[in-house]
Each structure stands twice: as structure tokens, then as C-alpha cells.
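This report refers to the structure that appears directly beneath it.
Readers should treat all values here as calculations from the given coordinates under stated rules, not as data from a laboratory. Predicted model only: the values in this text are computed from it and were never measured. Don't worry about glycine lacking a Cβ; one is built from the backbone with ideal geometry, like all the others, and counts go over all protein chains shown.
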Amino acid sequence: MQLYPAVFINDEGAYIEDYWYMNFWQELDCWDREKSKIETFTAEEMLDPDYLEDCEIYKYHLDSEVLDNIPEEERLIFKQAGGVKYIFVHQTVADIFFEEKATGVNLVKVSDFEEGMQF
């Protein structure tokens, strides 16, 4: 992930600075497809090797085996590969957001997430 300075231009044309843009050039595939609750597919749909790429994930379950093999400092913030491309943040990063009373961000624990909570 990289952070870039960004400028927001509102409807009146005013430049608002002090924003940052997060760019993820690589995604991490760590969702457990067996334990997660996903939309149901027909046998014919499952013949497409990419059928899971665009599926709805109703309840995420992350694969601890994948995550445990990555040093913590390398998985503090990542973009999920496959399914919906959510951004995941480690609890230590979430704590910073909560301590700073950050606005404009909706953090939900993976274990509590259900489809629809992102809205």
C-alpha cells in the first residue's frame, strides 16, 4: 500500500487539502472459502474457474493459516483479493482510528460483519 497526498475539490470549486489517497498495488487472498458464508452457486456456475471472484460474501471468515505465515507488520492494512475488495485493518490500526475519533470510516470486526453493514 502507498499513501499519496490528495486534494478534494467541492461543488463550489474550493480546494480542500490534507487528504490522503490509499493505493493498493497488491491484494491478499486470505478469506476462508469453506468457512465463509457466500452466495449459492449452481453446478454449472461453478464450472467457471472465476466464479468466486465476483460472489457476494455474507459473512467473512479469514484463513488464520495464511495470516499467521505473514509477519504482523506486513498485514496491518490490506485489500482482500476475491469477492468484494474490502480493506482490512489490524486491530492495532483500528484502535488508532477509535482513539482519534476518526470520521468518514466505518470499521466493523470481521467476526461481526454481515452483508449490508458496509452501507
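Details
- Student exercise, the chain dipole from Lys, Arg, Asp, Glu Cβ charges, in Debye to nearest 20: 280
- Approximate spin-label separation residue 26-residue 98, in nm, with each point projected 7 Å along Cα-to-Cβ: 3.0
- Taking amide H as placed 1.01 Å from N in the peptide plane, residue 62 has its amide H under 5 Å from the amide H of 32, each at least 5 places away in sequence or on another chain.
- Take the Cα of residue 14, step 7 Å toward its Cβ, do the same at residue 35, and the gap between the two points is 4.8 nm.
- Spherically averaged projected area in nm², based on the convex hull that wraps the Cα atoms of the chain: 9.9
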